[in-house]
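These notes concern the structure reproduced below.
The values are calculated or read from the model by the stated rules, or taken from the named source; none is laboratory data. None of the values given here were measured: they were computed from a predicted structure. Note that we place each Cβ from the backbone using ideal geometry, even for glycine, and neighbour counts take in every protein chain shown.
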Amino acid sequence: MKKTLDIFQFYRTKQYVFIYGTIESLGKTVNMVLETFTYIFKLDINFKNTIGQMVEVGWKSTPIVILTSFCTGMVLALQVGTATSNLFNEPVYVGMVIGFSMVIELGPVLTAIVVTGRVGAAITAELGTMKVTEQLDALYTLGTNPVKYLAVSRFLACFFMLPILTVISNIVGIYGGLVLSTNTWEVSSCSYLSQSLDFMTVRTFIHGFIKSFFFALIIVVVACYKGFNTKNGAEGVGKSVTGSVMTSMVLILTADYFLTYLLVALKVK
Amino acid sequence: MIKVENIYKSFTKKRVLDGISLELCPGQTLVIIGSSGVGKSILLKTIIGLIKPDSGTITIDGTDITKCTSTDLQQTQKKMGYVFQEAALFDSLDIFENVAFGLRTLANFDETQIKNRVEKCLAMVGLTNVEHLKPANLSGGMKKRVAIARAISYKPSYILYDEPTTGLDPIMSDAISSLIMSLKKHLNVSSIVVTHDMNSAYKIADKIIMIYDGKIIFSGTSEEIKRTDNEYVKQFVRGLSSGPIQQTDRTFEMG
C-alpha cells in the first residue's frame, strides 16, 4: 500500500515531469527526423524551396563566415607568433598551427556557431511564428505536411551548405593568418603555405568535413523541433529562439569532443 | 454531409468537449455560438482533423475521419475549406501564391487555370489588384477576404469559418456575413461558422447551436433562439455580464 502511494507521489514530482518531458521531446525529435528522411529518400522534395533555403543558408551566410574566419586566422597568427617568438626568438610553426587549427577544429566549429546564430535562430523564429499564428494548421488543411514543406528544404540546405561554408572558412582563416604573418612576422608566403599544407593529409580535411555534416544535422534538427513546438505567442517564439541557439551551441561543442575522440580513434586525422 | 457523434476531448484535466453531436446537411449554414474558451474552435479543428478526439466519430460524406488512414483524411480534407480566426495567411508568400496554394496541393490545375481561378476567387471576395502584395500589407478585413478566397479556391463542399468577423468593424463584419451568404448561394457550399457576433449569426444561420461547459445546450433557428427561455442562452445572446454564465466557468488551459 505504501509502495503504491509512493508511485502516485512520484507522478506529481518535478523529476517525473522532467523525465517525461525529455522522453517526449526525444520521441518527437526522432519522429520528425524519420519523417524528414522518408521524404528525402522518396525524393518528395520541393526543389524551389530547397534552392531558396540554400541561398539563405549558404550564400547569405558567406560574408559573416568570411569576416569571422579572417579575423580568427589573424588572431591565431598573432598569438602563435608571439608565443613562439618568446620561446625561440622567432615566429615558427605559425602556418602549421593555423592550418591544423582551422581545418580540423576552428573552421567547422566556428562556422557551425555562426550558422547557429544566423540560420538556426531564423528557422526557429519563422517556424515558431507560423505555429503561433496557425499557419502550420493552415498547411495541414491545404493538404500539406509541414515537415515535408518546411523541414525537408531547410534540412537539405543546411546539410549541403554548412560543409561548403566550412571549406570557405578554412581557406579564409589560413589566408587571414598569411596576411598577418607576412606583414607582422615577416614570414614569407611560400614558407607559411608550405608549413600549412605539408603536414596535412586528405584525412585531415575529411576530419573537419565529417564534423561539419554532424553540426549541420544538430543545427537544423534543433531549430525545426523548437520552431514546430513553439507555444504561447510572441513570448513563446522568443523562448524557442533562445532555446534553439543555446541547445545547438551546447550540442555542437559537446558533439565536437566525442566526434574528435571517435575520428582520432578511427585514425581520421 | 457532416455527422459528429458523441465527441469527447480533454486537455490536461479539463474536459472541453463533453459528448457533442451535430449534423450539417447539404447547403446548410450551421452557426456555433458560445463564450470564449468553451471549445468552439477545438470542435471546428476536430471536425477538419487537426485535433484528434478522445472518443466519438466524425463522418464526412461517409468517411469516419477519426479512424481513416492519412491518405483518406487528405482526400476528405479536399472537400473542406477552413477560414482561420486570424486568417493564417502564409507571410512568406504573396496573395496570389496564398490563394493558389490549395490549387497546387489539392487540385490538378495547370498554371493558366490556377491564374484564372485565383483572379476569379479574389473577385468573388471583392478584391482586385492585390495579387502581388504580401499579407503584411493588407488590413484585417482584406486578410479575412483573402483567407476566404484561399478556402474556396479548390471548390470545397464544406467551409468551416472560425470567428470570421472577430476584430472587424461593424460594416466590415456585415460585409463578411454577406459574403458568406453569397458564397452559399453561388457555390452551394455547406458551412459551419463559429462566432460570438449575434448580428452575423442571425443573418447567416439556418441553424444555431450554443455550447456551454462542453455540451450543446441549445439547437434551433434564429427565431427560436430569440424566443428561448433558456437562461444561459438568453444571457449570451443579450450580452449580459450577470446571469448563470460566470467568468470563472469559462477558463481552461490547453495542454
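Among the residues making up the range B:118-143, those that are crowded, with 20+ Cβ neighbours inside 10 Å and within 23 Å of B:GLY27 (Cβ to Cβ) are B:CYS121, B:VAL125. Restricted to helices (runs of 4 or more DSSP H) entirely inside the range B:151-246, those with at least 1 residues that are surrounded by 16 or more Cβ atoms within 10 Å (Cβ to Cβ), aliphatic (A, V, I, L, M) and within 17 Å of the chain's Cα centre (by Cα) are B:170-187, B:198-204. Residues of the range A:111-140 that are closer than 25 Å to B:PRO156 by Cα and more than 12 Å from chain B (Cβ to nearest Cβ): none at all.
Do the conditions hold for B:LEU89, that is, is it within 11 Å of chain A (Cβ to nearest Cβ), at negative phi, buried (at least 23 other Cβ atoms within 10 Å of the Cβ) and part of a loop (DSSP other than H, G, I, E, B)? For B:LEU89, the condition - within 11 Å of chain A (Cβ to nearest Cβ), at negative phi, buried (at least 23 other Cβ atoms within 10 Å of the Cβ) and part of a loop (DSSP other than H, G, I, E, B) - is met.
Listed by first and then second residue, the pairs with beta-carbon distance under 9 Å, at least 6 apart or on different chains, first residue in the range A:163-179 and closer than 13 Å to A:SER61 by Cα and in contact (Cβ under 8 Å) with a residue 40 or more places away in the chain, second in a helix (DSSP H, G or I) and charged (D, E, K, R), are A:THR166/A:LYS211. Among the residues of the range B:31-56, the ones that are among the small types (Gly, Ala, Ser), more than 12 Å from chain A (Cβ to nearest Cβ) and closer than 14 Å to B:ILE2 by Cβ come to 1 in all. Test B:VAL99 against the stated conditions and say whether it is within 18 Å of the chain's Cα centre (by Cα), assigned to a helix (DSSP H, G or I) and more than 9 Å from chain A (Cβ to nearest Cβ). When the stated conditions are applied, B:VAL99 passes them. Between B:ALA147, B:ALA123, the distinction of being more than 14 Å from chain A (Cβ to nearest Cβ), part of a helix (DSSP H, G or I), closer than 24 Å to B:SER191 by Cα and of a type in the set (A, V, I, L, M, F, W, C) belongs to B:ALA123 only.
How many residues, within the range A:218-236, are in a helix (DSSP H, G or I) and under 22 Å from A:ASN31 (Cα atoms)? Before you say what the answer is, go through the steps one by one.
As a first pass, look at the range A:218-236 and keep what is in a helix (DSSP H, G or I): A:218-228, A:233-236.
Narrowing the set further to residues that are under 22 Å from A:ASN31 (Cα atoms) leaves A:218-228.
Matching residues across the range A:218-236 total 11.
Any idea which residue in the range B:66-86 is surrounded by the most Cβ atoms within 10 Å (Cβ to Cβ), counting only those that are facing chain A (nearest Cβ under 8 Å) and not in a strand (DSSP E or B)?
Applying the filter and picking the extreme gives B:GLN77.
When the range B:1-30 is filtered for residues that are surrounded by 19 or more Cβ atoms within 10 Å (Cβ to Cβ) and among the basic types (Lys, Arg), only B:LYS9 remains. Show the residue pairs meeting these rules: Cβ distance below 9 Å; 6+ apart or different chains; first residue within the range A:141-160 and within 14 Å of chain B (Cβ to nearest Cβ); second residue part of a loop (DSSP other than H, G, I, E, B) and surrounded by fewer than 19 Cβ atoms within 10 Å (Cβ to Cβ). The qualifying pairs are A:THR141/B:LEU50; A:GLY143/B:LYS78; A:LYS148/A:ASP44; A:LYS148/A:ILE45; A:LYS148/A:ASN46; A:TYR149/A:ASN46; A:SER153/A:ILE45; A:SER153/A:ASN46. Screening the range B:1-62 for strands (runs of 3 or more DSSP E) wholly inside it with 2 or more residues that are under 18 Å from the mean Cα position of the chain (by Cα), over 20 Å from B:ILE217 (Cα atoms) and at pLDDT 90 or above returns the ranges B:55-60. Just to be sure before I move on: is A:VAL103 modelled with pLDDT under 95, assigned by TED's automatic domain parsing to the domain that holds A:SER194, within 30 Å of A:SER153 (Cβ to Cβ) and part of a helix (DSSP H, G or I) in the structure I sent? Against the criterion (modelled with pLDDT under 95, assigned by TED's automatic domain parsing to the domain that holds A:SER194, within 30 Å of A:SER153 (Cβ to Cβ) and part of a helix (DSSP H, G or I)), A:VAL103 qualifies.
Taking the options A:VAL167, A:VAL172, name whichever one is touching a Phe, Trp or Tyr at 6+ places or on another chain (Cβ under 6 Å), away from chain B (no Cβ under 14 Å) and in a helix (DSSP H, G or I). The conditions single out A:VAL172. Pull up the range A:81-97, narrow it to residues that are free of Cβ contacts under 8 Å to residues at least 24 places away in the same chain and hydrophobic (A, V, I, L, M, F, W, C), then point me to the one that is nearest to A:GLY176 (Cα to Cα). Of everything passing the filter in the range A:81-97, A:VAL97 is nearest to A:GLY176 (Cα to Cα). Applying the criterion of being over 29 Å from the mean Cα position of the chain (by Cα) and of a type in the set (A, V, I, L, M, F, W, C) to the residues of the range A:126-143, the residue that is modelled with the lowest pLDDT is A:LEU142.
When the residues of the range A:1-43 are filtered to those that are at pLDDT below 90 and of a type in the set (Asp, Glu), the one that is surrounded by the fewest Cβ atoms within 10 Å (Cβ to Cβ) is A:ASP6. Hey, any hits in the range A:74-89 for a residue that's in a helix (DSSP H, G or I), within 20 Å of A:TYR257 (Cβ to Cβ) and at pLDDT 90 or above? For the range A:74-89, residues in a helix (DSSP H, G or I), within 20 Å of A:TYR257 (Cβ to Cβ) and at pLDDT 90 or above: absent.
Taking A:VAL241, is it at pLDDT 95 or above and part of a helix (DSSP H, G or I)? In short, yes.
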